[in-house]
Amino acid sequence: MDPVPLDRLVALAREMLAYSYAPYSRFNVGAALETDTGEVFTGCNVENASYGLTICAEQNAVAAAVSRGRRRFRRLVVVTRGQRAVAPCGRCRQVLAEFGTDLAVYGVANGEKVHWQLRDLIPDHFGREFLDADPADGDGAARARSGSR
């Protein structure tokens, strides 16, 4: 399927800024994640007074896609209201890398648009290849915990 126009992904991510819950940092973030089939899943950041429980926009978009059975992603757009574009945080990079590092990432702000490849943002990431699990069955971790093969 043809890619969604980048301007459309930016617009969808920008719409998510209105739903962002960021009372502490006031750093609103919206994200749009395009799957390999051309579907788009969006998310916004949701802060929490216990900062470690904050959910990033990128994680919300990934969770929405995965909850619909999608696991192959083509592009991610992250939009903020600042003047400088930002890349996903380290935790989001790791979450995204779980599904492959061949992902185009765009940071968009009022003053700029920047493009990265996920593999360049998180080189030498920790992945399933370090676990004693068969990624093909989707339940390798359970087998590894139980000691069965």
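The values are calculated or read from the model by the stated rules, or taken from the named source; none is laboratory data. Please read all numbers here as calculations on a predicted model, not as lab measurements. When we count neighbours, we look across all protein chains shown, and the Cβ atoms used for this are built from the backbone with ideal geometry, even at glycine. SASA here: full protein model, heavy atoms, side chains in, ligands and nucleic acids out. Shrake-Rupley method; radii C 1.70, N 1.55, O 1.52, S 1.80 Å.
Where only protein heavy atoms count, and the probe is 1.4 Å, what is the accessible area per residue for the chain in Å²?
57 Å²
On the protein heavy atoms, probe 1.4 angstrom, tell me the percent of accessible surface of segment 45-129 carried by carbon and sulfur.
49 percent
In terms of modelled amide H atoms, which long-range or inter-chain residues lie less than 5 Å from the amide H of His125?
Those lying under 5 Å, H to H, from His125: there are none.
Can you tell which of Val62, Val46, Leu6 lies farthest toward the positive end of the dipole of the chain, using +1 and -1 charges on the Cβ of basic and acidic side chains (Lys, Arg; Asp, Glu)?
Checking the options against the dipole of the chain, the answer is Val46.
Can you give the charge dipole size of the chain about its Cα centre, rounded to the nearest 20 debye, using +1 on the beta carbon of Lys and Arg and -1 on the beta carbon of Asp and Glu?
My answer is approximately 280 debye.
Where the Cα atoms of the chain are projected onto their three principal axes, how long is each span, largest first, in whole Å?
52, 41, 28
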